[in-house]
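The values are calculated or read from the model by the stated rules, or taken from the named source; none is laboratory data. From a predicted model like this one, the values you see are computed outputs, not experimental measurements. FYI the Cβ positions are ideal-geometry reconstructions off the backbone, even for glycines, and counts take in every protein chain you see.
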Amino acid sequence: MKKSAVALLVAFAVLRTSAQELPATVDKPAQKWVDATFKSMTLDEKIGQLIVTSTESTYLPTDSDAFERLAKKVTELHVGGIHVFGGSERTTSALLNNTSGSVILGQPLAAASILNRLQALSRIPMLNTGDFEAGLGFRIQGATLFPRAMAFGAAGDEQLAFDAGRVTAVESRAIGVQLDFWPIADVNNNPRNPVINTRSFGEVPEAVGRLASAYIRGLHAGGMLATLKHFPGHGDTDVDSHLGLPIINSPRERLDAVELPPFKAGIAAGADAVMTAHIEVPALDSGAFAPSSLSENVITGLLRGELKFDGLVYTDSMGMDAVSKALTPAEAAVRAIKAGNDIVLHSPDDAAAIAGIQAAVEQGEIPMARIDASVKRILRAKARVGLDVQKLVPLDRVAELVGGRANALVSQQVSERSITLIKDARNQVPLTLPKTSSVLYLSVLDYPSGWHIATPSRTFIPELRQRFPVLTAIEVSDRTTPAELDLIRASAARYDAIVVSVFVRASSGSGRMDLAPQVTKLLNDIARATNTSGKPMVTTFFGNPYVAMFLQDLPAMLLTYDFYDGAEAAAVRALTGEAPISGHLPISLPGFLDAGFGISRPQGSRPQG
């Protein structure tokens, strides 16, 4: 091992000892604080604790309308927590093809500053949350970004999941976020799932449960609360709950065998919270408009009763179309609390949600005992993460704890060990071409807009050009004209090798998850031509791995299950033999390959010059 790698491992070991592990229960002083705080609370404060609002994490001056609106939610509505998003920037709908998108990453110091200022205004410390599904870097620039869950499933290493959880916890706590809405315990057993997909560890319930449990232990080791989602299981659906209400018609026997085991394993591992899903499961609740997030049968009956879970229960975002198009914010909030949720997350109107709950309490529709039970759970969770003692974070430690080479090394290990070789018909992986070889690189996109954060090939192209300087790079998408496709098809034979990267999202809200037919035809045509010439053609899939099912004629295929720079760099190292290939499919590719398949390759030779 190189000295630099050893130094990074030592640094990581030091970081691992710098965090305070999450206690399993509250001690006597903390319980005393819980009891005293509860006794001092007004009805308004109690109801406010049931609401988590949100903020972006780009720079926000105190003297601004946006901060004033947040401050009023803290001081007047008494919200129980702040959910941390990244950022956004203004765009215009006048553009025919807005390739940039509006989503940007937040900033760690900005996030910590905003949360500190809001905590200082709050009489009761707030329990702040984040969707850090791929580490804090998923939302915050400069923080450590990990691959999506399915990459962990392909690597199959519980220690990597633990380490990733711990890094995420340390970095999140540094900016003032104490609860992560992760790990996802959904079993992705539907190849056409547009909302879970690579966010799941895979389709084998036992493996999903093992990795989710390891991640929970890692979050706890770093002092952070962990959430299982999306209960009772969002994996077997082909509808995006951001756009509509999915219905899962599986019988109870299948739910017990497939969907529920990872949640049971996560609860046994000490999960602190569960997020309920905006999905209808008639086997659990056959009522009219009965999403699990609003179902007493699912939450109070199954989760609390059968599974004996006594931690926090959050709704999924109440701004999602599955609920917000059917109910007003007040109606949705009342139904959520009546069903057994402790916390209403990201309501379209926090004030209306609070007013609705208060009216329901005053009218006897929601018993006061129901409110009190949730408030006590919330206060205990706040005490477990030490908010009773210290609710502000030291800004001077953010740069010390967030990001860095040691944490990045953990992410790199996951990326490299997840790479899965699913086909190598000509035994051409890794490439052993002379460095002087001419290489055609095709960067193939589902569609060119919305790639602002994860610009395709921004790392792959320079890394590949470093190995093969005679490189021609071309982007292809659904907007590539027929004449341009014909030109690519005709010129491909001039090159010594063809390297393809396929970027397809199964992203929330887009409703798309395939390549355009004409683009698929182009790749198949080039593959057939190389069957005759014998020239190497290797394709790497980024994002949705199920796309490979529709390109089975390609001679060599690698899966990464991810986007972003780390996945691209790892793919180039695997492609050129600088790193071994050892990943195995955590899912099946129906009609093509079974779960568990993977072709291993040892570390090989680099291109020769």
Selection from segment 114-136 of residues over 17 Å from Ala408 (Cβ atoms), aliphatic (A, V, I, L, M) and buried (at least 20 other Cβ atoms within 10 Å of the Cβ) yields Ile114, Leu115, Leu118, Ile124, Met126, Leu127
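Hey, can you tell me all the residues within segment 432-450 that are of a type in the set (Gly, Ala, Ser) and either more than 21 Å from Tyr561 (Cβ to Cβ) or part of a loop (DSSP other than H, G, I, E, B) (or both)? Spell out the reasoning first.
Going residue by residue through segment 432-450, those that are of a type in the set (Gly, Ala, Ser) are 437-438, 443, 449-450.
Matches in segment 432-450: Ser437, Ser438, Ser449, Gly450.
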Kindly list, by first and then second residue, each pair from a residue in segment 439-452 that is under 16 Å from Leu485 (Cα atoms) and in the same structural domain as Lys521 (by TED's automatic domain parsing) to a residue that is assigned to a loop (DSSP other than H, G, I, E, B) and of a type in the set (Phe, Trp, Tyr), limited to pairs with Cβ atoms under 9 Å and residues at least 6 apart or on different chains. Leu440/Tyr495; Tyr441/Phe468; Leu445/Trp451
Phe181 of a type in the set (Phe, Trp, Tyr), crowded, with 24+ Cβ neighbours inside 10 Å, within 15 Å of the chain's Cα centre (by Cα) and modelled with pLDDT of 95 or more: no
With respect to Ala207, is the statement that it is farther than 26 Å from Asn341 by Cα and part of a helix (DSSP H, G or I) true? yes
Scan of segment 344-384 for residues that are among the basic types (Lys, Arg) and under 24 Å from His278 (Cα atoms), ordered by number: Arg370, Arg377
Only one of (1) outside any helix (DSSP H, G or I); (2) without any contact (Cβ under 8 Å) to a residue 60 or more places away in the chain; (3) β-branched (Val, Ile, Thr) fails for Val499. Which number is that? (2)
Which ones in segment 137-148 are more than 24 Å from Pro586 (Cβ to Cβ) and crowded, with 24+ Cβ neighbours inside 10 Å? Arg139, Ile140, Ala143
Could you tell me whether any residue of segment 463-473 is of a type in the set (Ser, Thr, Tyr), modelled with pLDDT of 95 or more, more than 21 Å from Met557 (Cβ to Cβ) and not in a helix (DSSP H, G or I)? yes
Going through segment 470-490 one residue at a time, which ones are without any contact (Cβ under 8 Å) to a residue 24 or more places away in the chain, surrounded by 13 or more Cβ atoms within 10 Å (Cβ to Cβ) and not charged (D, E, K, R)? Leu487
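Only one residue in Val414, Val429, Val398, Val389 is under 19 Å from Gly222 (Cβ atoms) and part of a loop (DSSP other than H, G, I, E, B). Which one?
Details: Val414 fails: part of a loop (DSSP other than H, G, I, E, B); Val429 fails: under 19 Å from Gly222 (Cβ atoms); Val398 fails: part of a loop (DSSP other than H, G, I, E, B).
Val389 is the lone residue from the list that is under 19 Å from Gly222 (Cβ atoms) and part of a loop (DSSP other than H, G, I, E, B).
Look through segment 278-301, keep the residues that are of a type in the set (A, V, I, L, M) and in contact with a helix residue (DSSP H, G or I) (Cβ under 9 Å, 6 or more places away or on another chain), and return whichever of them is surrounded by the most Cβ atoms within 10 Å (Cβ to Cβ). Steps first, answer last, please.
In the first step, residues of segment 278-301 are kept if they are of a type in the set (A, V, I, L, M); the result is 279, 281, 283-284, 288, 290, 294, 298-299.
Next, only the ones that are in contact with a helix residue (DSSP H, G or I) (Cβ under 9 Å, 6 or more places away or on another chain) stay: 279, 281, 283-284, 290, 294, 298-299.
On the way: Ile279: 27, Val281: 26, Ala283: 15, Leu284: 19, Ala290: 20, Leu294: 30, Val298: 25, Ile299: 27.
Selected residue: Leu294.
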I'd like to know if segment 568-584 contains one or more residues that are in a helix (DSSP H, G or I) and not aliphatic (A, V, I, L, M). yes
Quick one: is Gly386 more than 30 Å from Ala493 (Cα to Cα), assigned by TED's automatic domain parsing to the domain that holds Ala571 and surrounded by fewer than 22 Cβ atoms within 10 Å (Cβ to Cβ)? no
What's the number of the only condition in (1) modelled with pLDDT of 95 or more; (2) over 12 Å from the mean Cα position of the chain (by Cα) that Glu133 fails to meet? (2)
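Kindly indicate whether Pro125 is assigned to a loop (DSSP other than H, G, I, E, B) and within 14 Å of the chain's Cα centre (by Cα). Explain how you work it out, then say what you get.
Working: assigned to a loop (DSSP other than H, G, I, E, B): yes; within 14 Å of the chain's Cα centre (by Cα): no.
Taking the combined requirement at face value, the residue does not satisfy it.
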Please find, among Gly591, Gly598, the residue that is surrounded by fewer than 16 Cβ atoms within 10 Å (Cβ to Cβ) and outside the structural domain of Val439 (by TED's automatic domain parsing). Gly591
Just one of (1) surrounded by 15 or more Cβ atoms within 10 Å (Cβ to Cβ); (2) at pLDDT 95 or above trips up Asp63, so point out which. (1)
What's the number of the only condition in (1) in contact (Cβ under 8 Å) with a residue 40 or more places away in the chain; (2) more than 20 Å from Leu179 (Cα to Cα); (3) not in a helix (DSSP H, G or I) that Leu302 fails to meet? (3)
Of the residues in segment 328-385, those that are polar (S, T, N, Q), over 17 Å from Ser317 (Cβ atoms) and under 29 Å from the mean Cα position of the chain (by Cα) come to Ser374
Using beta carbons and a limit of 6 Å, which pairs, at least six apart or on different chains, have the first residue in segment 560-586 and closer than 22 Å to Gly202 by Cα and the second one modelled with pLDDT under 95 and among the aliphatic types (A, V, I, L, M)? Phe563/Ala454; Tyr564/Ala454
Here's a check for you: in segment 241-267, which residue that is small (Gly, Ala, Ser) and part of a loop (DSSP other than H, G, I, E, B) is surrounded by the most Cβ atoms within 10 Å (Cβ to Cβ)? Ser241
Looking at Asp272, Asp240, can you tell me which residue is acidic (Asp, Glu) and under 16 Å from the mean Cα position of the chain (by Cα)? Asp240
Taking the criterion of being assigned to a loop (DSSP other than H, G, I, E, B) and surrounded by 24 or more Cβ atoms within 10 Å (Cβ to Cβ), would at least one residue in segment 321-335 satisfy it? no
